[in-house]
1. Please report, ordered by residue number, the strands (runs of 3 or more DSSP E) entirely within the stretch 146-250 with at least 1 residues that are aromatic (Phe, Trp, Tyr).
2. For the subset of the stretch 140-190 comprising residues that are within 26 Å of residue 96 (Cβ to Cβ) and among the basic types (Lys, Arg), which member is most open to solvent (accessible area, probe 1.4 Å)?
3. Can you pull out every residue in the stretch 340-357 that is part of a loop (DSSP other than H, G, I, E, B) and either touching a helix residue (DSSP H, G or I) at 6+ places or on another chain (Cβ under 6 Å) or surrounded by 22 or more Cβ atoms within 10 Å (Cβ to Cβ) (or both)?
4. Within the set of pairs 6 or more residues apart or between chains, which connect a residue that is over 30 Å from residue 377 (Cα atoms) inside the stretch 327-352 to a residue that is among the aromatic types (Phe, Trp, Tyr) and assigned to a strand (DSSP E or B) with Cβ atoms less than 7 Å apart?
5. So for the stretch 384-396 (the condition being part of a helix (DSSP H, G or I), modelled with pLDDT of 90 or more and under 16 Å from residue 211 (Cβ atoms)), does at least one residue qualify?
6. Test each condition in (1) open to solvent by less than 40 Å² (accessible area, probe 1.4 Å); (2) part of a strand (DSSP E or B) for residue 296 and report the one that comes out false.
7. Taking into account only those residues within the stretch 191-200 that are under 25 Å from the mean Cα position of the chain (by Cα) and open to solvent by less than 20 Å² (accessible area, probe 1.4 Å), which is modelled with the lowest pLDDT?
8. Assuming residue 335 fulfils every condition listed in (1) open to solvent by 20 Å² or more (accessible area, probe 1.4 Å); (2) touching a Lys or Arg at 6+ places or on another chain (Cβ under 9 Å); (3) modelled with pLDDT of 90 or more apart from one, which condition is it?
Amino acid sequence: MNDLSRTTRRTDVIIVGGSPFGWACAHMLSLKKIKTTLVDDRAVTALTPWQSKGLGVFWSSLNDPPTRAVVAHGSEMAQWLQRVCVEGIRVAQSVVMESEFMRARALRIGLEKHEITELNAARDAHLGLASLDDLGPAYFCESEQALILSHPNQPLKTKTKSTFTKTQAEVSEVKESKDGCTVILANGDQLHSEIVILANGYKMAALQPWLAPMLVPMSDVQSEWSTNIRANRTAEPWVVRTASGHVAALISACQSSPDESHWRIKLTGPRFFLPQAGVGTDLSHKTPDSELQAKLERWLKEKLIPALLPLMETPPDVDSRTPSLEPWALRCEGIQFGVDCLPCDELPIAGELGLQGRILGSTGWLGCGWSAGFQMAQVVAELVEQGRSGGLAPLVQPKRWRSGMNDGVTGMT
């Protein structure tokens, strides 16, 4: 970290926010020999804050339900969004060492009848799903494997020795002119650059106020649970999503004693336990109460774990079908709120945020934000270097609200 003194500094590109998108942008630009400074109020160590947040999963498909993009924006846009997720995984693998990732089977489970209908529709629309007939009509497999961070609490090792300057500071204002950009920090210091990239989620509305009506806070709850369900010590981790409550989960075997391992579940959601289902609320500064924890535990026991049990590998001396596993004992190992943003027309934002073309950004990817972030970083790096990118779809660009491409509410023209 570079300590700040009250001064003015100049660089080529300033990135505000240490998200997966921001971190990937910094690496890609530094590889192009573009002098880059990443500013984040938490970037105090080599470990980027985003690594230890969330599930640590790079998803290969759209967020739930996957058919929503088809209904709202048409098949062509849904297919483009799907490709962003898949390409994002490949971009991540081109930047980060292979040893930093574990490949994981990615599954979808329909907990309700309407979910099974949606998943069948997503399969028929070629949105990366295939039926798992041997398990039953409620189970689907994603055609591309997901990636899991192997060491979420250690700094990532990249394939290059690319470097960029990291500064711990809070940004209070970004100014744009035809000659360049000025980033004003909370302590009064200023940074100057040719281009600024905003990579701090819905908080970018504070730096681009015109976006405030378009960015809706979307809160979620993340929790981690240990179980009494025995697991093979060599069992591979896997990830699962359910459309009911927009749930995403990482299931892995954890050694609980020298002789035994048990399944551990880390999940986000269900959102329906939150006020307004998390829409329009910022709960990130609150602490979940015991009532919410009890609701999550009951939902796990009654809904998710029964659906997961057929997928769990158990030691040879344990019959997973025996009723002795019920009721399942759970222990909450941690629970917290998080917040992202949902653009009002439910399409992500990517491209030029400023009037002069000098402020760029990306946000609004929700459950597929990690993998999409790496692909969008590649797109934005091309915008910085060349002024254009063939990987950017017109409808997701911020100017859709300024040019009248849609009505600012539904995304429809």
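The values are calculated or read from the model by the stated rules, or taken from the named source; none is laboratory data. In this text the structure is predicted, and so the values were computed from the model without any measurement. In this analysis, Cβ positions are derived from the backbone assuming ideal geometry, glycine residues included, and neighbour counts consider all displayed protein chains. Areas reflect the complete protein model, heavy atoms only, side chains present, ligands, DNA and RNA absent. Shrake-Rupley method; radii C 1.70, N 1.55, O 1.52, S 1.80 Å.
1. Here the list reads 215-231, 238-242.
2. 161
3. Within the stretch 340-357, 344, 345, 346, 347, 348, 353 qualify.
4. Listed by first residue and then by second, the contacts come to 330/225; 331/225; 332/225; 333/225.
5. Among the residues of the stretch 384-396, at least one is part of a helix (DSSP H, G or I), modelled with pLDDT of 90 or more and under 16 Å from residue 211 (Cβ atoms), which makes the answer yes.
6. (2)
7. Among residues in the stretch 191-200 that are under 25 Å from the mean Cα position of the chain (by Cα) and open to solvent by less than 20 Å² (accessible area, probe 1.4 Å), the one modelled with the lowest pLDDT is 199.
8. The single condition residue 335 does not satisfy is (2).
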